[in-house]
Amino acid sequence: MAIPGYSYEFSHDHLLSIEDLSRLDIEHILDLSEEFAEATRAGRRPEPHLKNMTVINLFFENSTRTMSSFEIAAKRLGADVIAMPVAQSSVKKGETLIDTAMTLNAMAPDAIVIRHSASGGVKLLSRKVDCAVINAGDGTHQHPTQGLLDTLTIRRAKGRIEGLKVTICGDILHSRVARSTTLALHLLGAEVTLCGPATLMPSGTETWGAARAMNDFDAAIKGADVVMMLRLQLERMNGAYLPSQREYFRNFGLTQERLKTAAPDAIVMHPGPMNRGVEIESAVADGDRSVITEQVEMGVAVREAVLKLLAGRRV
Amino acid sequence: MTRTAITNARLLCPAGNIDTIGTLVIEDGMILSVGKAATNADQTIDANGLCLAPGLIDLRVKTGEPGSEQKETLATASRSALAGGVTSMVVMPDTNPVIDDVALVQFIANRGRETARTRVYPAGALTKGLAGDAMAEIGMMRGSGAVFFTNGDMPVENASMLRRTMGYAASCDAIVSSRANDHALGQSGVMNAGAVAARMGLGGLPREAEWIGLSRDLLLAEATGCTLLVDQVSTARSIEMIKSARDRGVKAYVSVAAHHLFFNELDVGDYLTYCKVNPPFRTENDRQALIEALADGEIDAVVSAHDPQPPEEKRLPFGEAAFGAAGLETVLSALLALVQDDRLSLLDALRPVTSSPAHIIGQPQGRLAEGAPADFILFDPEKPWLCERENLVSRSLNSPFDGRRMVGRVMQTYVGGEQVFSR
């Protein structure tokens, strides 16, 4: 969205965290993503902005959706995509992340999409390479394209972000999605409530832009325009963080009954993959309020936009 | 016998409350006189108005020798120490093998004499192999020169074991040094627990872990009559807890790492692994409280907590990188920064690195007094310098001070009357 009298240029070399972006940056990415989404819906192929470019998908953690999403996005833009089989690589034999970065850099890719189990791992790698680096999730820190695709999905469903009440519920402590999405929504003027059991709620969430942090889901969901459920890692159910799936679902599961207390036109989101019957009832996940499939669709569009902006500006 | 007079020096000695311009006369490795003009000096050195203070005594140094010589050896650590004005260093027992018997204590002492230019004092392990389940030979190691006993970074988990060990140490008149920490609370932590760690997606080391560990250690010291050295306190509340224990008659000394007086949790910045230390840098309030406690004389020793790590241990994502920082070359400058800020007098800044640690380990140096060993430094308290890791002398170059502008620099270092470093 251009502001009259100002010229805007996307000036970032990498996408590591929503924290690095301004409101204008986010709006620009969302606008561009929307164009890509509309083109796909209309059956049009986008311009080959990344023709003759190489994108490396470097996933140190298993991921099907995010990796495929980036791969499809890069290929639609005409890039050659190389998936690095990290599990079998020398990284497992003691090679440090920096050594891996320098090795990949020597192959002169145009962009590296990286997921790593350590918070800050992607930033460390970005310091050692010359190409654009896109964070596809680092530890429990950030997953910026997820934050952007969530924001885009909401904007399309609601027509705006400003003033919306968004409730994000689940394992906030370990969620990079919560950190990214909360920041992005806050920057665009939404009022974000974070909710979860006390054992899975970190301190200081106001510094990510959360308006409220609560342990009572019934209170948190009241009047919400958007309800986003987070995936619960089932290994947290062994009594260390939570007593049982049954108790979790009773207190924090999204049911049709609970959804009635949200705003009448509230939408339901989930970054996936879902644990049906643990954090969300199947009827809600598949119901008419659910925009979960559209989140996946917008994921490709956002990644097309980000790749175009980062790799494309290097031409 | 050569008699040497160091003239025109600002003599500083916290033990004797000396701050005067004068001459130090040394002979045969000992101090002959302080302040008085020299008579019959064979050699005169003009200090050109530099400060002359006792050499620093560092109660917490890790060298990696034996077992991890790629990190640091006694020889390389001593070079780094002398550049920082440290003339006596106590080395930690958590090496490979662990320093938990007489032969190994003697190995460290001998190796120190052979390869290091500083004085080297071994700290003995409190439990065999630091495993926490069997008492080490505290009495015999003490007899062989171990200056205190510690489980290093792995405080004894079993309170019953610690109680017995402390009781035994008390009967040998041995000091037990303990890192206040509750293992379970800080298991997966890598930086101070709180909003900053949560935002960065890093596991937290909570302050409660220090308080619970400290409270246990102080109670057991009280029950057994053991003298406790609280190793590297890091929070404001810990200071209050120690004060209150001392009021009850608990014999407790306390140390703080120099870098905790300089940095807070925000200095971790963009996952800067040089700032990954344990205990972690805490909040600014904690840092301020530590400085106040130092000014009030509540802190007995400032240590370098020198724990160098090679690049392969630090060039990793923050969560995976090793804890520890090289510190020998920056202790004095960290303290002098506080003098520059009018937070400490020069004598108060020197006390916790000279006379006070000397008193704890029962050694005669650390003071400018007739008959004391001639271990001293000449330093310029206002000389600015840029700390660049490439220019550090330590074998491993990981310093949180890398890139910082520092003030105050050691120009010459003497051990036993011999000049062992000059800049």
Give, as residue ranges, the helices (runs of 4 or more DSSP H) completely inside region B:172-273 that count at least 2 residues that are more than 14 Å from chain A (Cβ to nearest Cβ) and free of Cβ contacts under 8 Å to residues at least 40 places away in the same chain.
B:207-224, B:236-247
Regarding residue B:395, is this residue surrounded by 19 or more Cβ atoms within 10 Å (Cβ to Cβ), of a type in the set (Lys, Arg) and not in a loop (DSSP other than H, G, I, E, B)?
no
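A quick yes/no check of all residues on (1) in a loop (DSSP other than H, G, I, E, B); (2) under 22 Å from the mean Cα position of the chain (by Cα); (3) of a type in the set (Val, Ile, Thr); (4) within 14 Å of chain B (Cβ to nearest Cβ):
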{"residue": "A:228", "(1), (2), (3), (4)": "no, yes, no, no"}
{"residue": "A:231", "(1), (2), (3), (4)": "yes, yes, no, no"}
{"residue": "A:251", "(1), (2), (3), (4)": "no, no, no, no"}
{"residue": "A:258", "(1), (2), (3), (4)": "no, no, no, no"}
{"residue": "A:274", "(1), (2), (3), (4)": "yes, yes, no, no"}
{"residue": "A:278", "(1), (2), (3), (4)": "yes, yes, yes, no"}
{"residue": "A:293", "(1), (2), (3), (4)": "no, yes, yes, no"}
{"residue": "A:304", "(1), (2), (3), (4)": "no, yes, no, no"}
Would it be correct to say that residue B:195 is small (Gly, Ala, Ser) and surrounded by fewer than 23 Cβ atoms within 10 Å (Cβ to Cβ)?
yes
Give A:19, A:71, A:61, A:34 a once-over and let me know the one that is in contact (Cβ under 8 Å) with a residue 12 or more places away in the chain, of a type in the set (D, E, K, R), under 17 Å from residue A:114 (Cα atoms) and not in a loop (DSSP other than H, G, I, E, B).
A:71
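Step by step: first the residues of region A:144-185, then only those that are assigned to a loop (DSSP other than H, G, I, E, B) and within 21 Å of residue A:215 (Cβ to Cβ), then the one that is farthest from the other protein chains (Cβ to nearest Cβ). Which residue is that?
Once the filter is applied, the top-ranked residue is A:170.
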Residue A:136 fails exactly one of (1) at the interface with chain B (Cβ under 9 Å from one of its Cβ atoms); (2) in contact with a Phe, Trp or Tyr (Cβ under 9 Å, 6 or more places away or on another chain); (3) not in a loop (DSSP other than H, G, I, E, B), namely (1)
Restricting attention to region A:168-198, the residues that are under 16 Å from the mean Cα position of the chain (by Cα), open to solvent by 10 Å² or more (accessible area, probe 1.4 Å) and farther than 24 Å from residue B:193 by Cβ number exactly 1
Going through region B:1-36 one residue at a time, which ones are of a type in the set (Gly, Ala, Ser) and free of Cβ contacts under 8 Å to residues at least 24 places away in the same chain?
B:22
State which residue pairs qualify: first residue loosely packed, with under 15 Cβ neighbours inside 10 Å and inside region B:374-386, second residue assigned to a loop (DSSP other than H, G, I, E, B) in any location, beta carbons under 8 Å apart, and separation of 6 or more residues or different chains.
B:386/B:403; B:386/B:404
Residue by residue through region A:41-52, note down the ones that are in contact with a helix residue (DSSP H, G or I) (Cβ under 8 Å, 6 or more places away or on another chain) and surrounded by fewer than 17 Cβ atoms within 10 Å (Cβ to Cβ).
A:45
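Scanning for something open to solvent by 40 Å² or more (accessible area, probe 1.4 Å) and in contact with a Gly (Cβ under 7 Å, 6 or more places away or on another chain), does region B:168-186 turn up at least one residue?
Yes: region B:168-186 contains one or more residues that are open to solvent by 40 Å² or more (accessible area, probe 1.4 Å) and in contact with a Gly (Cβ under 7 Å, 6 or more places away or on another chain).
Any residue at all in region B:283-306 that is within 14 Å of chain A (Cβ to nearest Cβ) and either part of a loop (DSSP other than H, G, I, E, B) or open to solvent by less than 40 Å² (accessible area, probe 1.4 Å) (or both)?
yes
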Looking only at region A:199-226, and only at residues there that are under 21 Å from residue A:160 (Cβ atoms), aliphatic (A, V, I, L, M) and away from chain B (no Cβ under 14 Å), the one that is most open to solvent (accessible area, probe 1.4 Å):
A:211
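The values are calculated or read from the model by the stated rules, or taken from the named source; none is laboratory data. Because the structure is a prediction, the values reported are computed rather than measured. Glycine also receives a Cβ, built like all others from the backbone with ideal geometry; neighbour counts cover every protein chain displayed. To get the accessible areas, we keep the full protein, side chains included, count just its heavy atoms, and leave off ligands, DNA and RNA. Shrake-Rupley method; radii C 1.70, N 1.55, O 1.52, S 1.80 Å.
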